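J.: After the structure tokens below, expect a handful of questions from me.
Bear in mind that the values in this text are calculations on the coordinates, not laboratory data. Everything numeric in this text was worked out from a predicted model, so none of it was measured. No Cβ is skipped: glycine too gets one built from the backbone with ideal geometry, and neighbour counts run over all protein chains shown.
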Amino acid sequence: MQPTETAPSARLSMLLHAAFLVSGTATVLIGPLLPLHAKAFELNDLWAGSFFPAQFAGSLLGTAITSRLGRIGRYKLGVSAGCLALAAGIASMNAGVLTVVLGGFLLIGLGVGLTLPSINMLVLEMNTHRSGQALSFLNFCWGLGAIVCKPFVDLTARGTDLTVPTSILAVILIFAGVSVGLARYSEKRQTTADAGVQTARLWRRPIAWAIAVFNFLHVGFESAMGGWLPAYTERIGVYEAAIWLSPTLLYFLFFVMGRGVAPMLFRYFSDDRMLIGGLVAMLAGMAIILSAGSVEQLMAGAAVAGFGTSWIFPTNVARFYRACGPEASRNATPLFIMGTLGAAASTWFVGFVSNNRSSLRAGMAVLAAIVVALIAIQAALSIGGRQVENNEGPV
């Protein structure tokens with residue numbers, strides 16, 4: 001009996017990792033497409049920034065739907081529907097009509113909100129005894145997809161004509177969605193009798209909301225950096241090898257490298273020190289980015305910022321589960337919704353400031369302010385955590 005159960009799970013696992021990789025490309029696709037759409041539709045930074053709220057509104061809806069699907073044990077359906085939504089949204093990027101493109105970003109966000117949490121939960125379910133290792137490799141796949149996104153678009157797009165890259169991605173996503181839907185796997189249905197009581201109890205804790213606000217700001221930083229860095233690079237200047245070695249590519253490359261070396265660093269440093277160290281690296285990267293007078297300097301800043309931010313999100317999520325107890329794993333929806341709201345707010349606000357100050361450099365300064373706020377919150381959480389440990393034992 002065991003082999004017949006293992007083989008379908010292994011096939012589904014391969015499909016999920018492949019879908020997660022392509023989802024990484026789809027998630028950050030808005031960055032490389034932003035300057036192309038701005039040129040095609042003659043948009044200023046404020047109007048170009050409206051693409052971000054459209055995508056993150058869809059992501060918010062997708063996250064809410066995924067929460068419902070999880071309660072009835074239908075994460076696999078979420079992955080399939082999410083892949084198809086991503087395919088439809090990406091295909092509309094070449095429509096040539098602004099409202100259709102905005103609707104396309106909404107669909108991309110919906111697909112991201114369905115696929116990413118659903119795949120994470122399915123992989124966790126299939127790897128209960130090695131969840132940390134399984135999630136690390138899964139997120140490595142996402143990072144690979146993010147890394148190849150900009151060079152893929154640069155090499156396959158013809159000016160503002162996106163027919164080739166959008167068609168390739170749409171076909172792959174349709175294949176992934178159908179394949180996951182047809183894969184055999186018996187999902188576990190969650191017990192939800194006391195879910196409402198547990199959720200209310202958990203979110204009465206101040207530390208839960210402090211961690212959620214931290215997530216709001218940090219996901220906002222990552223989303224705005226990935227979204228606006230390509231456009232900011234064009235404002236700085238031209239670099240001969242930009243297709244192969246752009247600041248955006250280096251940002252995601254060092255992001256993935258940071259995820260790879262973080263487990264070794266955690267052997268020597270506590271979570272709090274790792275978080276502070278990562279945030280300081282992010283601030284240093286932003287200082288280089290904001291003072292950059294050339295693309296080469298911008299590349300250095302992007303690499304430092306990407307490396308610093310790499311372990312912040314998973315460490316903060318792990319802190320949430322550790323601080324809020326065993327019920328946190330099934331009542332974390334507000335945490336992820338705060339992240340989605342932060343992504344929408346920060347990406348829009350960068351465009352707003354840029355448009356009002358007539359300087360994208362001024363808009364990018366918003367990200368430095370976000371990092372300063374994150375350092376302040378982390379310092380407060382670190383002090384609060386030590387006080388709890390001294391008075392009550394481990395959180």
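J.: Can you give the charge dipole size of segment 1-128 about its Cα centre, rounded to the nearest 20 debye, using +1 on the beta carbon of Lys and Arg and -1 on the beta carbon of Asp and Glu? All intermediate terms of the calculation are to be shown ahead of the outcome.
T.: Values: 6 positive and 4 negative charges, 60 e Å.
Computed about the Cα centre, the dipole is about 280 debye.
J.: Next up: What spacing in nm lies between the two simple spin-label points modelled at S358 and A95, each 7 Å away from Cα in the Cβ direction?
T.: 3.4 nm
J.: Next question. Across segment 1-190, how large is the tail of the calculated P(r) beyond 22 Å, expressed as a percent of all Cα pairs?
T.: Of all Cα-Cα pairs in segment 1-190, 45 percent lie more than 22 Å apart.
J.: If R0 is 51 Å, what FRET efficiency do you get for L182 and D271 from their C-beta distance, rounded to 0.05?
T.: On the way: r = 41 Å, r/R0 = 0.80.
Working from the Cβ atoms, E equals 0.80.
J.: Over all directions, how big on average is the projection of the convex hull of the alpha-carbon atoms in the chain, in square nanometres?
T.: 19.3 nm²
J.: Would you compute, from DSSP H runs of 4+ residues alone, the mean residue ellipticity of the chain at 222 nm, taking -39500 (n - 2.57) per run and dividing by the full residue count, rounded to the nearest 500?
T.: Details: 16 runs with 320 residues, N = 395.
That calculation yields -28000 deg cm²/dmol at 222 nm.
J.: May I ask you to evaluate 6.51 cos²θ - 1.76 cosθ + 1.60, the Karplus curve with θ = phi - 60°, for each residue of segment 64-76 and list the ³J(HN,Hα) values in order in whole Hz, giving x for glycine and proline?
T.: Karplus-based 3J(HN,Hα) across segment 64-76 equals 5, 5, 4, 4, 5, 4, x, 5, 9, x, 10, 4, 4 Hz.
J.: I've got another one for you. With r as the distance between the Cβ atoms of S294 and R71 and R0 = 45 Å, compute the FRET efficiency 1/(1 + (r/R0)^6) and round to 0.05. Spell out each step's value before the answer.
T.: Values: r = 52 Å, r/R0 = 1.16.
Step by step, r from the Cβ atoms, then E = 0.30.
J.: Separate question: Taking θ = phi - 60°, what integer Hz values does the Karplus form 6.51 cos²θ - 1.76 cosθ + 1.60 yield along segment 178-186, in sequence order, with x for Gly and Pro?
T.: With coefficients 6.51, -1.76 and 1.60, one gets 5, 5, 5, x, 8, 5, 7, 6, 9 Hz.
J.: Using 1/(1 + (r/R0)^6) with R0 = 25 angstrom and r between the beta carbons of E125 and A318, what's the FRET efficiency to the nearest 0.05? Don't skip to the answer; put the middle values down first.
T.: Details: r = 18 Å, r/R0 = 0.73.
Rounded to the nearest 0.05, the efficiency is 0.85.
J.: When the chain is treated as a GNM, springs tying every alpha-carbon pair under 10 Å, which of T25, T115, T340 comes out with the largest mean-square fluctuation?
T.: Of T25, T115, T340, the Gaussian network model singles out T25 as fluctuating most.
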